[in-house]
Amino acid sequence: MSVTLNKKQRRSLYRIIAASVFFAFAVLLSANGVYPKLYSSYAEFLLFLAVYLVIGGDVLLRAGKNILHGNVFDEHFLMSVATIGAFCLGQYPEAVAVMLFYQIGELFQSYAVEKSRRSIAELMDISPDHAYIERDGVIVSVNPGELQVGDHIVIKAGDRVPVDGVVIAGSSELDTASLTGESLPRYVGVGDQVISGCINISGVLHVRVAKPLSESTVTRILELVESAAGKKAKTEQFITRFSRYYTPAVVAAAVILAVIPPLLLAEPFPVWIERALIFLVVSCPCALVISIPLSFFGGIGGASRSGILVKGSNYLEALSKTDTIVFDKTGTLTRGSFSVTEIHPVGMLESELLAYAAHAEAYSSHPIAVSLRAAYQQTVSTSDLTDVSEHAGHGITATYLGRRIAVGNAELMQELGVNTEKDSPSRQGIHVAVDGRYAGWLVIADTVKPNAVYAVAELKKLGIRRVVMLTGDSSDVASSIARELGVDEYYAGLLPQDKVSVMEEILTKQRAGKTAAFVGDGINDAPVLSRADLGIAMGTLGSDAAIEAADIVLMDDDLMKIISAIGISRRTMHIVFQNIVFALGVKFLVLILAAFGVANMWEAVFADVGVAFIAILNAMRTLKIMR
Amino acid sequence: MKKSFKLENLDCAHCAAVMENGIKKIEGVHDVSISFMTRRLVLDADEGRFPEILKEAGVICRRVEPDCFIKE
């Protein structure tokens with residue numbers, strides 16, 4: 001671990017070292033009793049007072065200033081009263097030691113905070129610092145902020161993509177890890193979109209700027225994560241409110257402790273005043289006030305690094321309590337693109353049937369045509385293709401290699417007077433006829449994502465009670481996909497507005513303290529995304545409406561990201577509760593011990609700065625990314 | 001109007017909470033949030049009075065932490 005301190009911290013460190021040496025010297029002197037008898041107590045007092053002022057002067061000054069401003073109960077005040085009290089009781093070494101430890105603790109604390117701030121900044125270090133633009137054939141370096149839509153920029157290997165754009169020349173591989181958490185490089189060529197923040201690994205790319213920097217992905221991500229801290233989690237708000245009452249309460253207890261027992265029990269005042277002073281030292285809520293927001297921020301930062309943008313600590317908290325997840329089917333659980341899943345030729349080979357179908361559809365841009373050509377896998381030549389005519393809503397007829405081909409649904413076959421086989425499906429299939437004879441059928445379906453079954457099973461393992469699927473598809477299709485995936489419930493044949501009412505119905509059935517999340521790919525899900533307790537948009541770096549409406553944005557459409565997001569949220573909440581229990585536990589323990597006269601000042605200082613330091617270290621664990 | 005600023009020299013988490021509460025009480029402030037971790041102040045306030053509100057907020061910050069100031 002490399003230690004770099006800022007100016008303030010360095011000054012504090014030097015002061016601590018000087019005061020420590022001075023302090024050791026003073027303790028030695030008083031232990032050996034080298035002072036001339038007559039002056040001993042004065043000399044001792046002055047010596048310790050000098051050390052005290054060196055180490056605690058600034059604390060006294062701050063306390064004084066704050067009292068003038070009306071902020072009485074802050075840590076400077078508490079430390080000042082506690083140490084001055086110790087001085088008055090004649091415990092010089094204790095007074096100095098407490099201040100010294102307090103300062104060491106503060107230094108550690110400040111270092112830990114600074115370090116976590118830096119690791120967060122590093123996490124966010126995805127903004128490009130320069131761009132190369134081509135002007136009149138000359139390549140010049142400019143500030144990415146100056147780029148305008150339509151500009152032609154050049155991205156060299158090793159550079160970050162400065163703004164979102166489209167590749168117009170060249171090809172390369174992009175490292176998208178800092179955006180999506182995906183470690184495999186992505187290949188891009190002419191016509192592909194490139195997203196700002198990715199790193200160009202291999203070739204040179206010529207890109208036409210599609211969005212200025214202020215609207216590019218990189219800026220949006222940074223804004224989202226930076227403003228995430230604005231939406232505070234309930235736990236976080238609770239701690240802030242709690243600390244407002246906690247400190248005055250402990251201070252009041254300290255006053256009571258200092259006055260009542262000595263009066264009632266007729267015991268000496270100094271004993272009880274010392275116990276009261278210990279109360280004051282312990283009363284600072286710093287450990288909680290720093291470590292809880294830090295834990296949340298760490299969680300958000302860690303999540304963003306694995307391609308999960310969380311728009312506020314409150315959403316991270318809500319995610320950890322999710323027990324119902326509602327998925328929109330298309331594009332989320334399924335690929336959202338069609339592919340040929342079954343081929344049933346009649347009187348010819350599978351490859352022949354596919355070749356006829358793919359060629360007949362050579363000119364079409366219909367999703368079905370695209371999937372047919374993709375399934376054919378070979379180049380579709382249009383040289384032997386003539387007489388292509390489209391039968392709207394039914395299919396296509398064309399002449400290929402001199403043969404009349406018809407590709408379409410059952411209605412098309414009927415229209416052409418072709419008898420379909422008895423066992424061929426009437427609705428889902430794409431039928432093919434060659435020269436008026438039935439040639440077979442193909443089934444084209446939206447396929448389930450490769451890891452969807454596994455992801456649903458994993459969600460169950462994480463304790464998600466209900467997994468629901470919503471879709472606009474017919475009941476038949478929905479039920480077979482639901483069965484394949486293992487989801488608990490499905491709602492089929494829904495229009496976009498129906499999805500909102502289904503979501504509302506699900507929300508009313510939610511158990512108290514548990515949340516229901518909706519996962520959609522965002523294209524027309526914005527209303528449902530905003531209606532759910534927690535809206536999760538998937539693979540939608542391009543879709544503005546979804547990013548606006550969602551509370552959590554997954555940067556690619558990998559379902560496993562939901563599993564990691566839940567893992568991160570639970571881990572963060574776990575660490576938050578650990579810190580609450582640990583900090584309050586130690587503090588209350590020391591308070592009780594102090595009330596019975598068992599705890600001393602040293603333990604009190606540990607309960608303040610020591611606990612804060614440990615809690616910060618613990619909070620920093622949230623920054624670590626789970627894989 | 002909502003705007004985000006940077007708080008330089010923000011060193012104490014408790015102070016951030018105190019500043020936040022103080023700024024919330026300024027007239028015309030709809031919402032304010034200070035993140036200790038990112039040292040960011042997000043201020044949502046009346047457009048017309050924004051500059052004055054910002055000035056007052058600066059005074060509050062300085063009072064809580066003497067060397068802390070708001071930077072655009």
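Odds and ends about this structure:
- Restricted to segment B:11-21, and to residues there that are aliphatic (A, V, I, L, M) and at the interface with chain A (Cβ under 10 Å from one of its Cβ atoms), the residue that is most open to solvent (accessible area, probe 1.4 Å) is B:18.
- Annotation: residue A:107 fulfils all but one of (1) within 14 Å of another protein chain (Cβ to nearest Cβ); (2) outside any helix (DSSP H, G or I); the unmet one is (2).
- Scanning segment A:529-557 for residues that are in contact with an Asp or Glu (Cβ under 8 Å, 6 or more places away or on another chain), modelled with pLDDT under 85 and among the charged types (D, E, K, R) gives A:556, A:557.
- Spans of strands (runs of 3 or more DSSP E) in segment A:434-543 with at least 3 residues under 30 Å from residue A:343 (Cβ atoms) and of a type outside the set (Asp, Glu): A:437-448
- Single residue of segment A:572-627 satisfying the filter (polar (S, T, N, Q) and over 21 Å from residue A:81 (Cα atoms)) that is surrounded by the most Cβ atoms within 10 Å (Cβ to Cβ): A:572
- Residue count, segment A:25-43 (criterion: open to solvent by less than 50 Å² (accessible area, probe 1.4 Å) and modelled with pLDDT of 75 or more): 3
- Selection of segment A:464-518 for residues being open to solvent by 50 Å² or more (accessible area, probe 1.4 Å), hydroxyl-bearing (Ser, Thr, Tyr) and within 16 Å of residue A:533 (Cα to Cα) yields A:501, A:508.
- Filter pass, residue A:558 being open to solvent by 10 Å² or more (accessible area, probe 1.4 Å), in contact with a strand residue (DSSP E or B) (Cβ under 9 Å, 6 or more places away or on another chain) and in contact (Cβ under 8 Å) with a residue 60 or more places away in the chain: yes
- Considering residues of segment B:22-44 that are in a strand (DSSP E or B) and more than 8 Å from chain A (Cβ to nearest Cβ) only, the residue nearest to residue A:236 (Cα to Cα): B:34
- Residue match in segment A:113-123 (condition: within 14 Å of chain B (Cβ to nearest Cβ), among the acidic types (Asp, Glu) and touching a residue at least 12 places away in the same chain (Cβ under 8 Å)): yes
- Selected residue [open to solvent by 60 Å² or more (accessible area, probe 1.4 Å) and farther than 28 Å from residue A:560 by Cβ] from A:266, A:252, A:276, A:287: A:266
- Flag for residue A:136 being within 18 Å of residue A:281 (Cβ to Cβ), without any contact (Cβ under 8 Å) to a residue 60 or more places away in the chain, acidic (Asp, Glu) and open to solvent by 50 Å² or more (accessible area, probe 1.4 Å): no
- Hits in segment B:46-60 (condition: in contact (Cβ under 8 Å) with a residue 12 or more places away in the chain and within 14 Å of chain A (Cβ to nearest Cβ)): B:60
- Listed by first and then second residue, the pairs with beta-carbon distance under 6 Å, at least 6 apart or on different chains, first residue in segment B:61-72 and within 14 Å of chain A (Cβ to nearest Cβ), second open to solvent by less than 90 Å² (accessible area, probe 1.4 Å) and in a loop (DSSP other than H, G, I, E, B), are B:61/B:68; B:63/A:69; B:67/B:9; B:68/B:9; B:68/B:10.
- Scope segment A:48-99; condition within 16 Å of residue A:286 (Cβ to Cβ), within 14 Å of another protein chain (Cβ to nearest Cβ) and either among the basic types (Lys, Arg) or in a helix (DSSP H, G or I) (or both); matching residues: A:59, A:62, A:63, A:66, A:75, A:76, A:77, A:78, A:79
- The residues on offer are A:171, A:183, A:214, A:202, and the sole one that is farther than 30 Å from residue A:604 by Cβ, within 14 Å of chain B (Cβ to nearest Cβ) and surrounded by fewer than 16 Cβ atoms within 10 Å (Cβ to Cβ) is A:214.
- Check on residue A:123, at pLDDT 85 or above, more than 30 Å from residue A:53 (Cα to Cα) and open to solvent by less than 60 Å² (accessible area, probe 1.4 Å): no
- Candidate set: segment A:292-345, residues that are in contact with a helix residue (DSSP H, G or I) (Cβ under 9 Å, 6 or more places away or on another chain) and acidic (Asp, Glu); chosen: the one surrounded by the most Cβ atoms within 10 Å (Cβ to Cβ): A:328
- In segment A:424-435, the residues that are modelled with pLDDT under 80 and in contact with a strand residue (DSSP E or B) (Cβ under 9 Å, 6 or more places away or on another chain): A:424, A:425, A:428, A:429
- Unmet requirement for residue A:392, which otherwise passes all of (1) modelled with pLDDT of 80 or more; (2) of a type outside the set (D, E, K, R); (3) open to solvent by 70 Å² or more (accessible area, probe 1.4 Å): (1)
- Pairs, first under 14 Å from residue A:74 (Cα atoms) and modelled with pLDDT of 80 or more in segment A:238-261, second open to solvent by 80 Å² or more (accessible area, probe 1.4 Å) and of a type in the set (Asp, Glu), C-beta under 9 Å, six or more apart: none
The values are calculated or read from the model by the stated rules, or taken from the named source; none is laboratory data. What you see is a predicted model; the values in this text were computed from it and never measured. No Cβ is skipped: glycine too gets one built from the backbone with ideal geometry, and neighbour counts run over all protein chains shown. Areas reflect the complete protein model, heavy atoms only, side chains present, ligands, DNA and RNA absent. Shrake-Rupley method; radii C 1.70, N 1.55, O 1.52, S 1.80 Å.
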